[in-house]
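The values are calculated or read from the model by the stated rules, or taken from the named source; none is laboratory data. Since the structure is predicted, the reported quantities are computational estimates derived from the model, not experimental observations. Backbone-built Cβ (ideal geometry, glycine too); neighbour counts: all protein chains shown.
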């Protein structure tokens, strides 16, 4: 375990660092533009429920299939966002996998105004070779398409750990963090540089080697020029593999 950890942590750090280096020039430019005029931003909080189900596994030799479907709701259970995201991948050596996919994501803002978005995305994933702890990292590039708008480019980086609690029941601690970075200035609805962050902490129950259910708290922070939005969410995520 210790030897595997020493080998795997630099790989995970490299995947995340390489992705962040791409985003850093944009982040530095945005900070330089606002450094002279700091303004206290109001905090807007809301309470939501996020649900998802993910299915993934090989379909032929090293060819992989991935699909996740999300339903996200305001505190009155009016839809906040729906996400349907299929992909095809290829299993690479040394724990890496590469994916290319599509996403359809209609959403409603707090005024119940509807927006529709289509995405293409490319992803590089890594899974550490541990026997008990599951440690993964990924970097995902997105091309976001909305009507009557130029294409927005975004980078997402995530690190995730599933840690067994050593109890008589198959219960795990699940923690992950995902950071989002806008990569272009040409669209008004996505900021350049830091876009948002999601942090999850919860428990996972492993029903069998092919099905897991995670339930926990999700902190979703969206900083904007006029305010910082913080969504406190109950997250319920199911995952099936084969």
Verdict on residue 221 being touching a strand residue (DSSP E or B) at 6+ places or on another chain (Cβ under 7 Å), within 21 Å of residue 66 (Cα to Cα) and touching a residue at least 12 places away in the same chain (Cβ under 8 Å): no
Lone qualifier among 41, 31 - being touching a strand residue (DSSP E or B) at 6+ places or on another chain (Cβ under 9 Å), part of a loop (DSSP other than H, G, I, E, B), at negative phi and at pLDDT below 95: 41
Unique match (being surrounded by 15 or more Cβ atoms within 10 Å (Cβ to Cβ) and either within 29 Å of residue 192 (Cα to Cα) or touching a strand residue (DSSP E or B) at 6+ places or on another chain (Cβ under 6 Å) (or both)) among 132, 149, 56: 56
Test: residue in region 94-107 that is within 30 Å of residue 165 (Cα to Cα) and loosely packed, with under 12 Cβ neighbours inside 10 Å: yes
Selection from region 156-178 of residues that are in contact (Cβ under 8 Å) with a residue 60 or more places away in the chain and buried (at least 20 other Cβ atoms within 10 Å of the Cβ): 157
